[in-house]
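The values are calculated or read from the model by the stated rules, or taken from the named source; none is laboratory data. Please read these numbers as outputs of a predicted model, since none were measured by experiment. Here Cβ is always computed from backbone atoms with ideal geometry, including for glycine, and neighbour counts include all displayed protein chains. Calculation scope for accessible area: heavy atoms of the full protein, side chains included, ligands and nucleic acids excluded. Shrake-Rupley method; radii C 1.70, N 1.55, O 1.52, S 1.80 Å.
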Amino acid sequence: MVDYMVVGLGLAGTAFCETLRKNNKTFVVFNDRSQTSSRVAGGLYNPVILKRFTLSWRADEQLPIAAEFYTQLEQFLNVNFDKKLNVLRKFASIEEQNLWFEAADKEKLEPYLDIKLVNNENDGLKAPFQFGKVLETGKLDTKLLFNSYANWLEKENKLYNDTFDYSQLQIEQSEISYQDVKAKNIVFTEGYGMMQNPYFNHLPMQGSKGEYIVIKAKELKETQIIKSSIFLIPLGDDLYKVGATYNRNQKDNSTTLEAKNGLINKLDSLLDCSYEIVDNEAGMRPTVKDRRPLVGRHPKYNNLWLLNGFGSHGITIAPWAARSLYEHIEMQIPLLEEIDIARFASN
């Protein structure tokens, strides 16, 4: 008997497992790596929506929790997956510069928007109207994070690399049974894979496919994250991740020529140097129609729980939401109404 079974090991699953470990709870994880969103994503954390110069939802509350969480996780795993990089927002006009200064004057945005504009000193970039620097930003090497955490789980005999078979789940009042494992609670953290979960697939997950390309540009030599109509993210060794697209109609992890060409067109308006495409990736983001996470208890079974729906902001939301769910289960602290799946009870 363990305290928890966790199904899925993306950002939500990792954050919840680590919350359990730090609170001395016993747990096992089932994961088959079928959901690729967290692995192929750019890994950015950025508190500002740079299209409109507005603060992301509850970012000022979530960012300090995420920063502490990833710092402690790096120390625990003895790996460095968190790289502090500034995001430089390319301005398209003087008018955009003025909008930046207006936004930087607002109380909630002031800690994140530098009022000193950055000149373009990179011959490989087209940016005649300078950049705005976003503070408190960076990128996680999510592949290194997940692989390192999975390795630790395997050493502790906590990881089952299997596809979860819902038909084998036996639910009783005081415990859950699955194959040879019994647990007090089960938490599903499956990302878009939730749509195959018969206990939670009634919830209005929309899903948004995101595609990226990876380029090699030897002349570029850029060390910061550049944001124009796309993100350009340095990976080291003259490699850069470029993305991402948003497609709510296609529900798969396959790449498309249409999305690739769209990214190339946007990249060509940013770069003034040669490059070659070396990779092309896609994944389904677990986006929700009301753009809020899906967290909470199953309406019928009191020991089935959900932690999902972080969209494209999983890096900052996951540690905060995992803490919220843990405190709700263990301490009966109410969930925020805007994240509680009970908000859809009447739908």
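For the reader, a short list of remarks on this structure follows.
- Here region 231-295 and region 160-197 have alpha carbon centers that stand 32 Å from each other.
- Long-range HN-HN contacts of Ser208 with modeled amide H, under 5 Å: Arg285, Thr287
- Positive dipole terminus of the chain, leading residue within Ile186, Asn151, Asn86 (C-beta point charges): Ile186
- The dipole here belongs to region 98-204: it is taken about the Cα centre, uses +1 on the Cβ of Lys and Arg and -1 on the Cβ of Asp and Glu, and is about 100 debye.
- Couplings for region 147-162, taken from phi via the Karplus curve 6.51 cos²θ - 1.76 cosθ + 1.60 with θ = phi - 60°, read 5, 5, 5, 4, 4, 5, 4, 5, 4, 8, 6, 9, 10, 10, 8, 9 Hz in order; Gly and Pro are left as x.
- Cα-projected label distance for Asn265 with Lys51, points at 7 Å along beta-carbon direction, nm: 1.6
- Carbon and sulfur %, accessible surface of region 75-207 computed with the full protein complex present, 1.4 Å: 43
- Here region 39-133 is treated with +1 on each Lys and Arg Cβ and -1 on each Asp and Glu Cβ, and its dipole about the Cα centre works out to around 340 debye.
- Label-point gap, in nm, between Ala104 and Val79 - each point 7 angstrom along Cα→Cβ: 3.7
- Take 143-153, 249-259, 209-219 and order them by the average number of nearby Cβ atoms within 10 Å per residue, most first; the result is 209-219, 143-153, 249-259.
- Anisotropy class of region 70-122 from Cα gyration tensor, a/c 1.5 cut: oblate
- Among the trypsin sites (Lys or Arg not before Pro) in region 1-79, those located in a DSSP loop and surrounded by at most 12 other Cβ atoms within 10 Å of their own Cβ are Lys51, Arg52.
- Pair Glu337, Ser174: separation of 7 Å Cα→Cβ label points (nm): 3.6
- Sulfur and carbon atoms: percent of accessible area, region 218-312 [1.4 Å]: 44
- The Cα trace of the chain gives Rg and Dmax of 20.8, 65 Å, the first to one decimal, the second as a whole number.
- Antiparallel beta bridges, as assigned by DSSP with both residues in the chain, represent about 70 percent of the total such bridges.
- Heavy-atom accessible area per residue - the chain, 1.4 Å, Å²: 47
- Taking Cα centre as origin and charging only the Cβ of basic (Lys, Arg, +1) and acidic (Asp, Glu, -1) residues, the dipole magnitude of the chain rounds to 360 debye.
- Based on C-alpha pairs under 8 angstrom that are at least 6 apart in sequence, the chain has a relative contact order of 23 percent.
- Environment charge at Phe131 (Cβ cut-off 9 Å; Lys +1, Arg +1, Asp -1, Glu -1): +4
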